[in-house]
Amino acid sequence: MAVEGIARFFRNSLRRRSVRRDEPQDIPPTESKIDAGRRPGDRSSFPSSAGHLFFEYLVVVSLKKNSGGNYEPKITYQFPKRENLLRGQREEEERLLQAIPLFCFPDGNEWAPLTEYTSETFSFVLTNVDGSRKIGYCRRLLPTGRGARLPEVYCIISCLGCFGLFSKILDEVEKRRQISAAVIYPFMQGLRESSFPAPGKTVTIKSFIPDSGTELLELTRPLDSRLEHVEFRALLQCLSPDKILQIFASTALERRIVFLAEDLSSLSKCIHAAAALLYPFTWAHTYIPVVPEQLLSTVCCPTPFMVGIQKRYLEEVLDQPMEEVLLVDLCEGKFLKLVGDEDEILPGKLQSEMLASLPTVSNNIMTSEEFNVRVSETFVQFFVKTIGHYPAHIKWNRSGQGSFQEKSFCKAPTSKTCRRFLKRFVKTQMFSLFIQEAERSRKCVEGYFQQKLNEYQEQKKLRRLS
């Protein structure tokens, strides 16, 4: 495997794209094109509209011995096989297929045949040069058989972010694998022929299983599609609320953050959850939920990153020349390394409100969706109260082009700590991208964040009148 070539590809595709409103910009198409009627805050790194194919590929990655006697991950099956690709498409596919095995077995090549193995579900994200992202949904399992054998990974590559739904698909893949690998592929063909459902809608997949007959699998998307790619409970199970706020503060200022965990599932769930706290903003820098061993050195760069690394590589991580990094141990629920000002970034009053609003992880009354909404709402309200006045600080010319007035925006809050936060936050790339969208048109259909801004303004008006 040409690890150096893959590392070079990732250095190029995951480089920071600096954006300033007063300079010419080279913004990736996925971040600059706005659907008609969208408001700032409805952006996403993952397309999620109905009608897309469920997935681009299903690949099986197995461990094979190389010439040195070590096991190396290799793609042993790919569905579908794509033909008649243009040269650029073929090169992109080759890079993608070359990278996938590393992320399916990110924990190196020190494997041996096993008689028992608990299946693991995890995901990774691959970022293209144009900024678009593909997600790999993985189930690592021990195939049925006699004696010791090696685990294999079933990996579904999709541009759609819906982790709960794909986890259910992987359950079906594993169930069929225990019967025969041949039973998996008709099921995946049926899935590929179906359109991705709209939020709150269900698609039914027919599939034949020997000795069971035809089975119907119903796949339903959550009604609130903003949160279908996260599980906040996993983050709160690993970290206390005050530490989550410090992580949130670090991500808001686009710092370098490393998450450490033993198992791949916790690692990918927690890093996805941490990134989702930024809504209505989107993390725009290096983002790798599970970093393969061979790529450890490529992500420890002087630009912002949010990465997940297995704890077995802690020594290697500490040896990297990283300055001003937040090192998060998800196993112990503590920070191994801090910048030192994490608890001073957010305005104190708002921090107290957020801590009071976050649900406890022991809350068993809420469903997973209700829990996600409650957590998300806590952080949405933070941005409503800190940057919600931005529309009043966009000047519009006769042609309908807006111009954001940064100085007046930062001076507007009465709270000194809020003004201090805004002076730092307006310099981030995520805020620049958000404002660029806001400056394009004042005539847009309201999105979720805009609805929350309107509700907050109405509440303030009622308080003044009462």
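The values are calculated or read from the model by the stated rules, or taken from the named source; none is laboratory data. Owing to the predicted nature of the structure, the values given are computational and were not obtained by experimental measurement. We place every Cβ from the backbone using ideal geometry, glycine too, and count neighbours over all the protein chains shown. Note: areas computed on protein heavy atoms with side chains; ligands, DNA, RNA excluded. Shrake-Rupley method; radii C 1.70, N 1.55, O 1.52, S 1.80 Å.
Just one residue in the set 424, 419 is open to solvent by 50 Å² or more (accessible area, probe 1.4 Å), in contact with a helix residue (DSSP H, G or I) (Cβ under 7 Å, 6 or more places away or on another chain) and modelled with pLDDT of 95 or more; that residue is 419. For region 218-238, does any single residue satisfy the condition of being among the aromatic types (Phe, Trp, Tyr) and either more than 30 Å from residue 328 (Cα to Cα) or free of Cβ contacts under 8 Å to residues at least 12 places away in the same chain (or both)? No, that holds for no residue. Whether a residue is in contact (Cβ under 8 Å) with a residue 12 or more places away in the chain, more than 20 Å from residue 167 (Cα to Cα) and open to solvent by 10 Å² or more (accessible area, probe 1.4 Å) was assessed, and residue 253 passes this test. Identification of helices (runs of 4 or more DSSP H) wholly contained in region 312-397 with 3 or more residues that are more than 22 Å from the chain's Cα centre (by Cα) and over 30 Å from residue 436 (Cα atoms) yields 314-319, 348-357.
Look through region 199-220, keep the residues that are modelled with pLDDT under 85 and not in a strand (DSSP E or B), and return whichever of them is surrounded by the fewest Cβ atoms within 10 Å (Cβ to Cβ). Here the answer is 211. Given the structure, is residue 102 more than 22 Å from residue 291 (Cβ to Cβ), open to solvent by less than 30 Å² (accessible area, probe 1.4 Å) and in contact (Cβ under 8 Å) with a residue 12 or more places away in the chain? It is false that residue 102 is more than 22 Å from residue 291 (Cβ to Cβ), open to solvent by less than 30 Å² (accessible area, probe 1.4 Å) and in contact (Cβ under 8 Å) with a residue 12 or more places away in the chain.
Checked against the criteria, residue 132 does not count as open to solvent by 30 Å² or more (accessible area, probe 1.4 Å), under 22 Å from residue 291 (Cβ atoms) and among the small types (Gly, Ala, Ser). When residue 435 is tested against the conditions (1) out of contact with any strand residue (DSSP E or B) (no Cβ under 7 Å at 6 or more places or on another chain); (2) assigned to a helix (DSSP H, G or I), the lone failure is (1). Screening residue 161 on (1) in a helix (DSSP H, G or I); (2) more than 30 Å from residue 116 (Cα to Cα); (3) of a type in the set (Gly, Ala, Ser) shows it passes everything except condition (1). Exactly one residue among 411, 385 is touching a residue at least 24 places away in the same chain (Cβ under 8 Å), basic (Lys, Arg) and over 30 Å from residue 221 (Cβ atoms), and that residue is 385.
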